[in-house]
Amino acid sequence: MAEMNFGGVVENVVTREEFPLEKAREVLKNETIAVIGYGVQGPGQALNLRDNGFNVIIGQRKGGKTWEKAIADGWVPGETLFDIEEAAAKGTIIQYLLSDAAQIEVWPKLKPHLTAGKALYFSHGFGITFNDRTGIVPPSDIDVILVAPKGSGTSLRRMFLEGRGLNSSFAIFQDATGKAKERTIALGIGVGSGYLFETDFKREVYSDLTGERGTLMGAIQGILLAQYEVLRENGHTPSEAFNETVEELTQSLMPLFAEKGMDWMYANCSTTAQRGALDWMGPFHDATKPVFAKLYSEVACGNEAQRSIDTNSKSDYREKLEDELKALRESEMWRTGAVVRKLRPENN
Ligand SMILES: NC(=O)c1ccc[n+]([C@@H]2O[C@H](COP(=O)([O-])OP(=O)(O)OC[C@H]3O[C@@H](n4cnc5c(N)ncnc54)[C@H](OP(=O)(O)O)[C@@H]3O)[C@@H](O)[C@H]2O)c1
């Protein structure tokens, strides 16, 4: 572990220099990694592990499009692709990468295969942290570990293929073998992480749920829409409202503040923009902080988890979700977005 100073706070992180791939391969050389679920994280992690030279098999329920997707990615039925229980029986490390709702449903079938000395691996602290609601209580003689890439499985794979790495958090909930930490870090390196930072299951799920409901998705859509609406209500065209709200942000500013930070952005814009941004960041902060505080408390008391379990375990949840997603897709702002994207020179 290397000590790094993050803005005055010292934290331990693991980098690929100090824990190289060769060491990860050595740690896991006798392990069979069973990746259960081939949705979004499943393929990203499994393909990166396979390309990095680990012994990987997939557990996926048969008969659907996802099974076919696994075959298309080169997994061979009966050799490296099995149904969930068969893969869980063969695996010594079980990467439980079903959707969080499916993890609850499949748990009774998985549990008998979690025999002494195996490791149960999650990419989210949800099932364990809220186990009074999920029923996911592992036996005490296995390791229970977590590596949570901070991004989509699609990005994990894409960045791996580009020679980059997505940062991940890691945590150990239960160390039955005395090897849990070594196994976890080796897996974190194997799935293609950038650097790894330590957390625990509870902090992982609280920050993750807050992040996705907050600035990563929920808050950003809410703020973008509010500005777009105000511009439209004041007579601005969709094209102008969209360009000033979204297109400039994603095309011009995001890449710059990803590379250099928002502090640099502030220091390198016009003095007019500088004055206004400095004056208005306070009111926006003050208006939204109570919403973030409410969000965090809803996460921490388990209400958010319960809402997600209740809605996502209904048999018609996909259809209901699709209605809401359709409304977003067909909103004026995102219909405008589709046209603006098409007009980008690189798409012509
Ligand atoms: N999405 C991400 O990029 C991301 C990022 C970080 C962490 N995570 C965490 O990684 C884990 C996996 O998330 P994900 O987004 O990859 O999941 P997902 O795409 O929603 O998972 C779909 C997988 O679950 C299977 N499944 C769904 N319902 C099932 C059921 N009733 N019985 C058996 N299998 C069922 C699907 O098979 P079928 O296709 O046959 O239904 C598919 O293999 C979660 O803990 C999540 O919080 C995800």
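Does GLU182 qualify as being within 24 Å of GLY165 (Cα to Cα), of a type in the set (Asp, Glu) and surrounded by fewer than 22 Cβ atoms within 10 Å (Cβ to Cβ)? Show your work before the answer.
Working: within 24 Å of GLY165 (Cα to Cα): yes; of a type in the set (Asp, Glu): yes; surrounded by fewer than 22 Cβ atoms within 10 Å (Cβ to Cβ): yes.
Taking the combined requirement at face value, the residue satisfies it.
Return a yes/no flag: does region 121-132 have any residue that is more than 12 Å from the ligand (Cβ to nearest atom) and crowded, with 23+ Cβ neighbours inside 10 Å. There is no residue in region 121-132 that is more than 12 Å from the ligand (Cβ to nearest atom) and crowded, with 23+ Cβ neighbours inside 10 Å. In this structure, is ASP310 at pLDDT below 95 and assigned to a helix (DSSP H, G or I)? Considered against the rule, which asks whether it is at pLDDT below 95 and assigned to a helix (DSSP H, G or I), ASP310 comes out as yes. Here VAL147, VAL106 are screened, and the one residue that is within 10 Å of the ligand (Cβ to nearest atom), within 18 Å of ASN312 (Cβ to Cβ) and hydrophobic (A, V, I, L, M, F, W, C) is VAL106. Being touching a residue at least 60 places away in the same chain (Cβ under 8 Å), among the aromatic types (Phe, Trp, Tyr) and open to solvent by less than 10 Å² (accessible area, probe 1.4 Å) is a property that does not hold for PHE160. Contact map, region 49-67: residues that are closer than 18 Å to GLY153 by Cα and open to solvent by 80 Å² or more (accessible area, probe 1.4 Å) paired with residues that are more than 9 Å from the ligand (Cβ to nearest atom) and of a type in the set (Val, Ile, Thr), Cβ distance under 8 Å, separation 6+ or inter-chain. Pairs shown: ARG50/VAL56.
Taking region 1-103 and the helices (runs of 4 or more DSSP H) fully enclosed by it, the elements with 3 or more residues that are over 21 Å from the mean Cα position of the chain (by Cα) and not acidic (Asp, Glu) are at 21-27, 65-72, 84-90. The sole residue among GLY178, GLY194, GLY165, GLY190 that is on the phi > 0 side of the Ramachandran plot and in the same structural domain as ILE94 (by the TED database) is GLY178. Within region 238-268, the set of residues being of a type in the set (S, T, N, Q), open to solvent by 70 Å² or more (accessible area, probe 1.4 Å) and in a helix (DSSP H, G or I) comprises just one member, GLN251.
One residue stands out in region 31-48 among those that are buried (at least 21 other Cβ atoms within 10 Å of the Cβ) and aliphatic (A, V, I, L, M): the one that is farthest from the ligand (Cβ to nearest atom), namely ILE33.
The values are calculated or read from the model by the stated rules, or taken from the named source; none is laboratory data. Everything quoted here is computed from the prediction, not taken from an experiment. With ideal geometry, Cβ positions are generated from the backbone for all residues, glycine too; neighbour counts draw on all protein chains shown. Each accessible area value is taken on the protein alone, full model and side chains, heavy atoms only, with ligands, DNA and RNA left out. Shrake-Rupley method; radii C 1.70, N 1.55, O 1.52, S 1.80 Å.
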